[in-house]
Every structure is written in C-alpha cells, then in structure tokens.
Amino acid sequence: MGDSSWMYWILTCAISLYFVMLLLDFNKPSKKLMEQIDHQETRHRDMATRLGRIQEDVVQLKGRQDGVDLEMEDLEKARVELLPEANKRRMTHIPGAQFTMGGREEDSPDNERPSHQVHVSSFYMDTYPVTNQDYREFVNCTGQVTPIHWQRGTYPTGLARHPVVNVSYADASAYANWMGARLPTEAEWEKAARGPDERLYPWGNRFVDGERCNSNNMVGSTLPVDEFPLGRSPVGVWDMSGNTYEWCADYYEGSYYQFTPSTNPKGPEGGQERVIRGGFYGDSRPCVRTTHRNSAPGTHTRETIGFRLAMSDQDG
C-alpha cells in the first residue's frame, strides 16, 4: 500500500511536469508574438515622431521658400523700376527729327520706293546689337530656351561679344520685355542707321570691302559687335551694316512705302512676316545699305538674324 502511494505520487508529479512543459512550449509562440507586437508598436511610435518632425521641417521650409519668393519679387520690382534709367545710360539717344526714308538710287528695288519724308519722335537705340553674353544672362534668369546652336546652356567659346543669332521674333520680343524695352520700328532703325543726310551706308556713301562692316563673306561668320569703329552711324550706333540682320517690330509689306504715314510709322497692321534690316556677313554691297529691306517669318530662327533694342523717350 505504501509502495503504491509512492508510485502514484511520482506518476502524478511526472504528468504535472509534462503538462507544465507543454504549457511553456505553448506559450513560446504567444510570447514571441507579443514581443513582435511590442517591437512594431515601438517602430510605429518612432515613425510617427519622425513624420511629425518632417512635417514641421516642411512647414519651416515652405515658410522660408515663401520668404525667398517675396524677396525675389521685391528684387524684380526694383530691377524693373531701375531699367528705364539703366537703358538710357547704355543706349544712344536719337533726337526726334524728319529724315528721308527709302532709296532714290536707280538700282533701288521697288520695296525701297518711293523715298519719302518721315518724322520720328526722339527715342533711344542700343549702341550695339544684343550679344551672346547679354542673352545668356536673360536665359539664366528666366529659363528661356537657348538658341539651337548653343550647348549646355551657353554660347560657343569665344563668341561672347558676337551678336546673338538663331533667335525668333518672339525670342527677341521676350528679351526686350525683360529689359524694359522693345524692338525698334523700321523707321527708327533706318533713322539711327542713316542720319539726316540720306547716306547709303551708316558711315557715308563710299564702300570698301572689309573696311567698315562684315559683309561679302570676308570671314564667313559673325564678328564682335565692336569690330568696326569706323562703321558707326551718324548718331554713334555700331554694327548696323552686315554681320547679322536685325528684327524690327513692323510687319513686312513690300508696297508699304506707297501709303506709309508721315509721322512715326509702325508698319502694316498685320502680315505673314516681320521686317529685318542691315544685311548679314554673307551679303554683298546692295544688301548692307541703310535703305535695304528684307523680311522673315517671325517664328523662324536663323544664324543670320539677331536684334537690338529701342526705347521711347518719354521726355521727348
């Protein structure tokens, strides 16, 4: 009887121990799951904290960006306010006066005839055509598309002082607007180039190849805008013959001189093409005269067309 009780007790303890071990094994996955849940909750709290910090940083950055935008707007307003006076300083003032527009020569083409008297109010004209260096500043500040022959956002090496080319009429107008100016009218352009004495070329009536302008393919490409000091016009404007044609504000009409107004003509009200003036480096003598007229579609860009700016004289 005693031995049986002892065996019964041992068996009971063994069975209890077995069930305890089973219970411990059963609780292991549960414990592991709880540890994983705790870990995920900790990660969630960390991520929420980080997200909160990022959101705060975004708010701060947005505030700083808004501040920078306001500063940029103020700077742009200040720049625009300074432009008229700055333009006057760098441009050439051309007094208002009457002059003879168009050609009297026997070989003058029909679109230059008849010669006629025109009065142009005083205005300012760029002393030089717009250069690659000038235009790059515009591109950098506004994001304007670069001329097709530029690479990596800039002009070819060594051409800083050459006239910018491969710009459309719209490109030239956008630059003019950014500079607080405009493109010259055809009448303004001819007056600045010709002066009051009906000269054939900006410097006078005598033409010698390679002496006062870039024409007749003397080098086969553009030259710096200040290459020919002896080629200046009577009012001191440079590079108005050869090198590149220049966009004017007017629409082109071949017969416009037959009905042009006598005061400040601005060209026809509409048309397919815009006036270009001055000839280019490959043109011969007739095409670099002060009276020569040509045209091009305003959407086109060519390696032979550049531009310069003008500005009305509000005090004139």
Which residue, of 212, 289, is in contact with a Phe, Trp or Tyr (Cβ under 6 Å, 6 or more places away or on another chain), surrounded by 20 or more Cβ atoms within 10 Å (Cβ to Cβ) and charged (D, E, K, R)? 212
Filter the range 275-316 down to the residues that are among the small types (Gly, Ala, Ser) and farther than 17 Å from residue 233 by Cβ and list them by number. 282, 284, 295, 296, 298, 312, 316
Residue 80, sole failed condition from (1) of a type in the set (Val, Ile, Thr); (2) more than 18 Å from the chain's Cα centre (by Cα); (3) at pLDDT below 95: (2)
Hey, any hits in the range 96-117 for a residue that's charged (D, E, K, R), within 17 Å of the chain's Cα centre (by Cα) and over 17 Å from residue 188 (Cα atoms)? no
I'm trying to understand the selection: among the residues of the range 94-103, which are surrounded by 15 or more Cβ atoms within 10 Å (Cβ to Cβ) and either part of a loop (DSSP other than H, G, I, E, B) or not polar (S, T, N, Q) (or both)? 94, 99, 101, 102, 103
What's the number of the condition residue 106 fails, among (1) at pLDDT below 85; (2) assigned to a helix (DSSP H, G or I); (3) acidic (Asp, Glu)? (2)
Any hit, the range 252-260, residues being crowded, with 22+ Cβ neighbours inside 10 Å, out of contact with any Phe, Trp or Tyr (no Cβ under 7 Å at 6 or more places or on another chain), more than 18 Å from residue 100 (Cα to Cα) and not basic (Lys, Arg): yes
Residue 226 - would you say it is touching a Cys at 6+ places or on another chain (Cβ under 8 Å), at pLDDT 95 or above and not in a helix (DSSP H, G or I)? no
Can you tell me which condition residue 241 does not meet? The list is (1) small (Gly, Ala, Ser); (2) buried (at least 22 other Cβ atoms within 10 Å of the Cβ); (3) more than 27 Å from the chain's Cα centre (by Cα), and all the others hold. (3)
Residue count, the range 161-193 (criterion: among the hydroxyl-bearing types (Ser, Thr, Tyr) and touching a Leu at 6+ places or on another chain (Cβ under 9 Å)): 3
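The values are calculated or read from the model by the stated rules, or taken from the named source; none is laboratory data. This one's a predicted model, so the numbers in the text were calculated from it and none came from an experiment. Please note: Cβ atoms are built from the backbone with ideal geometry, for glycine as well, and neighbour counts cover all protein chains shown.
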